[in-house]
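Take a look at the structure set out below.
The values are calculated or read from the model by the stated rules, or taken from the named source; none is laboratory data. Values in this document were obtained by computation on a predicted structure and should not be read as measured data. Note that we place each Cβ from the backbone using ideal geometry, even for glycine, and neighbour counts take in every protein chain shown. Each accessible area value is taken on the protein alone, full model and side chains, heavy atoms only, with ligands, DNA and RNA left out. Shrake-Rupley method; radii C 1.70, N 1.55, O 1.52, S 1.80 Å.
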Amino acid sequence: MRFSFAMKAMLAILGLLVLPTAPWAQVSNAGHAPETPAPKVYSGTWRGVGSVTPCVLPWGGVIACPPAPATVAIRAGRMFDSINGKMLTRQVILVQGQRITDVGPEGSVTIPAGVRVIDLSQSTLLPGLIDAHDHFMTARGKMTGDQALLVATKRLRDGLLNGFTAMKEMTSHGNGYQDVTLRDMINLGVVTGPRVQVSGRGIVWGGTTPGPRDKPDPELLNAIVVHNVEEAKAAVHTEVEHGVDHIKLYPVANWHWSPNGELQFDATYPLEVMQALDDEAERLGVKTGSHAYGGQGLQNAITAGHAGDSIEHGQGLTQELCNEMARKGLFYSPTILEYTHPANSDTDAKNTGGKYDIVPIFKKNVRMCIATKGLVTVMGSGSQGSAWAEGTNALEIAALVEIGGMTPAQALQAGTINAATEMRWQNDVGSLTKGKFADIVAVSGDPTSDIGETQHIKFVMKGGEVFRNDYAPGTIGAMSLSGELR
């Protein structure tokens, strides 16, 4: 039986057109950070090669079982309290398995005898950094699907090894739902990378009638094109059925200059379509992130937004719009370096004969909006594989200070607890707190004095597992009864 597009949209709205989910796929990460499950040990008597009984993957095949959860103690010379924005000294963190079981000043936390100790008493501990606007999937271009997937695994590993233990991905850039697959493989411990939230294909406006953007897409690689309210609702359903954690929207297409120098922005969805997209996402329990430069499209995104949604970029923000964002509980992700690098000025110079440049306007508006009372700013790099190499994301934290006007402590909060709150993961990550995942990074200096320290990560732990430790041999050892390393 064949269905027209309109019929498919209606069936999706009614919940009748349900796409199959891979049996190993994890549930959406929206609202909770994922805990890596212990693999299932091979049942029965192992008669394969070797004497050690392996573990079994959900879809078949065997892997080496991971080590049993262990207790580790970490001594911190300094530790950033991201909740209060303060630097603490001489702290101890106890980790059992994937989570922090205790944390506090030396003398108040008992380190069990014989427990392995990681001595970072000459260093500064930070919660694992979080990039709330990342594209670990690069534009497909001439790559095959397999090549795109493998490049993404490289980018994910680079991000993790440079201190980013969590990321919010803002569309797969023409790679369909490969981001969902990668998220699930990370959750299972098959792929090394940060905890991630993904948004799949994203949803774009195609005008009130089908046009050039409506091309056959049998592999479901590119953004979903919608033309009306009904299709907008159906598109949100399609994204959620494919397992995304949040919805990427595009209420603004681009900016340009009028002959007299007026900065103009091209709105896409009409307000009623924007409202339908946001309302349907809210009803299904996911949040939206709006690619919104300015103008009527930016206003529509703010008007339609629900608390917890985010506004990305915002070159044309005004104080009134920033106030409205704060009042509605929307998050602000400026992606400063992505839109202040020279290519933006070069494009404006070419298009206007050198008369106009959006970059100074954007810098001014970023600083204004960040300073708006009650508005929560998050760190989002916009890393996408062209202007940004994954792993250099912490440059955006410095930009929040140097261009955005934040204090170093505020910038650290933007890249930890603020980003975790936007992702609705604040109960699991974003601070070094009892009960949260042991997502911990360390630097040698004090980033509240020199924010550039975040670009020189020396130690990375995610979920209790150490992925990087650049410090000298001998900093890890067993603890004696006297509390000294031996």
Considering the range 317-360, what Rg and Dmax in Å follow from its alpha-carbon atoms? 14.1, 40
Round to the nearest 0.05 the FRET efficiency obtained for Gln319 and Ala64 when R0 = 51 Å and r is the Cβ-Cβ distance. 0.35
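Using a ≥ b ≥ c from the Cα gyration tensor of the range 29-157 (square roots of the eigenvalues), is it rounded, prolate or oblate, where a/c under 1.5 gives rounded and otherwise the larger of a/b and b/c decides, a/b for prolate? Write out the running numbers ahead of the final one.
Numbers: a/c = 2.78, a/b = 1.28, b/c = 2.17.
In terms of gyration-tensor shape, oblate.
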Relative contact order for the chain: what is it in percent, counting Cα pairs under 8 Å that are at least 6 residues apart? 19 percent
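By how many nm would the segment from Met368 to Arg327 lengthen if fully extended, with 0.36 nm per residue of separation less the alpha-carbon distance?
Working: separation 41, 0.36 × 41 = 14.76 nm, distance 1.58 nm.
13.2 nm is the gain from fully extending Met368 to Arg327.
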Once the Cβ-Cβ distance between Trp257 and Ser51 is put in as r, and R0 is 56 Å, what FRET efficiency do you end up with, to the nearest 0.05? 0.20
For the range 152-239, what Kirkwood radius comes out of the mean inverse Cα-Cα distance, in Å? 14.3 Å
Cα-based radius of gyration of the range 111-156 once divided by 2.2 N^0.38 Å, which approximates compact folds: 2.03
Output the pairs from Lys154/Lys248; Lys86/Lys248; Lys40/Lys434; Lys364/Lys458; Lys373/Lys434 with a Cα-Cα distance over 26 Å in this structure; if there are none, say none. Lys86/Lys248; Lys40/Lys434; Lys364/Lys458; Lys373/Lys434
For the range 195-317, what mean projected area does the convex hull of the alpha carbons give, in nm²? 8.4 nm²
Where a ≥ b ≥ c are root eigenvalues of the Cα gyration tensor, a/c under 1.5 meaning rounded, otherwise prolate if a/b exceeds b/c and oblate otherwise, the chain counts as oblate
Evaluate the Debye formula for the range 65-128 with equal point scatterers sitting on the alpha carbons, no solvent, and hand back log10 of I(q)/I(0) at q = 0.13, 0.21, 0.22, 0.28 Å⁻¹, in q order, two decimals. -0.35, -0.84, -0.91, -1.29
Let me know the shape class of the range 144-183, please: from the alpha-carbon gyration tensor, a ≥ b ≥ c as square roots of the eigenvalues, rounded when a/c is under 1.5, otherwise prolate if a/b is greater than b/c, or oblate. oblate
Residues with beta-carbon under 15 Å from that of Ala38, excluding Ala38: net charge, scoring Lys, Arg +1 and Asp, Glu -1? 0
Of the DSSP beta bridges with both residues in the chain, give the percent that are antiparallel, rounding to the nearest 5. 55 percent
Carbon and sulfur: what percent of the range 295-443's accessible surface (1.4 Å probe)? 52 percent
Please state the relative contact order of the range 370-454 as a whole percent: Cα pairs under 8 Å, 6+ residues apart? 26 percent
For the full complex of protein chains and a 1.4 angstrom probe, list Arg116, Arg90, Arg327, Arg201 by accessible area with the highest value first. Arg327, Arg90, Arg116, Arg201
Rounded to whole Å and sorted largest first, what semi-axes of the equivalent ellipsoid does the C-alpha gyration tensor of the range 340-442 yield via the square root of 5 times each eigenvalue? 31, 16, 10
Relative contact order of the range 51-153, defined on C-alpha pairs under 8 angstrom at six or more residues apart (%): 23 percent
